[in-house]
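Please treat every number below as a calculation from the coordinates, not as lab data. Everything numeric here is computed off the predicted structure, so don't read it as measured data. Cβ placement follows ideal geometry from the backbone for every residue including glycine, while neighbour counts extend to all protein chains displayed.
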Amino acid sequence: MCSWCWAFAPTWEKIKQRLPEHIEVRYLLGGLAPDSNEPMPSAMQTAISGYWQTIMQKVPGTQFNFDFWEKCEPRRSTYPSCRAVIAARKQDPSKEIAMLRAIQEGYYLRAMNPSDNSTLIRLAIEQDLDALQFEKDLTSEATQSELMEEISLGRAIGAQGFPSLILKTDEGFRYIRYDYNDASVTLRLL
């Protein structure tokens, strides 16, 4: 649920389409902001909506629906969205990316609150996932444990914020540079 990850998504798609066949992609969730039921302070709302403006200037074509700040009660809580991706992956591994994309589009384009389980369940239904199983997995201790393991693994292999690209080689893990607007930067390094 990082707005910079949202901005990077089109370039990332171009990178994935041109990856050498021997490179397998694995997504790790970074967490960003732990669970909270507290409304986001107005200063933080102003700061984040300002980041959106900056991103739109630095990554042309990136869109945000600023109605989110009026329609929703923002909370600094991204763990629910992370658990939703895990819950989708558990139910059907082929739905992982679709759920990730649905959450981002729900948040950034449809002004839906991804901190609310009800939003995440609605998005799961839209992805043809079983709502009851999804809700059970979304709120399970096993899913929370899996999220914490992914966050720890990301840190251990050198993730440096959001997004991070890490290449696993025989020598270990290596952080890969990227450009938000130019897929060839990453592809040349690979």
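Values for this structure:
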| read-out | value |
| --- | --- |
| Some residue of the range 6-16 being closer than 26 Å to ASP182 by Cβ, touching a Pro at 6+ places or on another chain (Cβ under 7 Å) and of a type in the set (Phe, Trp, Tyr) | yes |
| Test for ALA33: is it in a helix (DSSP H, G or I), at negative phi and among the small types (Gly, Ala, Ser) | no |
| Pairs where the first residue, in the range 58-80, is in contact (Cβ under 8 Å) with a residue 12 or more places away in the chain and the second is in a strand (DSSP E or B), C-beta under 8 Å, 6+ apart | GLU73/PRO39; PRO74/PRO39; ARG75/PRO39 |
| Near pairs, Cβ below 9 angstrom, 6+ apart or cross-chain, from the range 164-190 (surrounded by 13 or more Cβ atoms within 10 Å (Cβ to Cβ)) to any residue that is assigned to a strand (DSSP E or B) and among the acidic types (Asp, Glu) | VAL185/ASP179; THR186/ASP179 |
| Hey, ARG18 surrounded by fewer than 17 Cβ atoms within 10 Å (Cβ to Cβ) and touching a helix residue (DSSP H, G or I) at 6+ places or on another chain (Cβ under 6 Å) or not | yes |
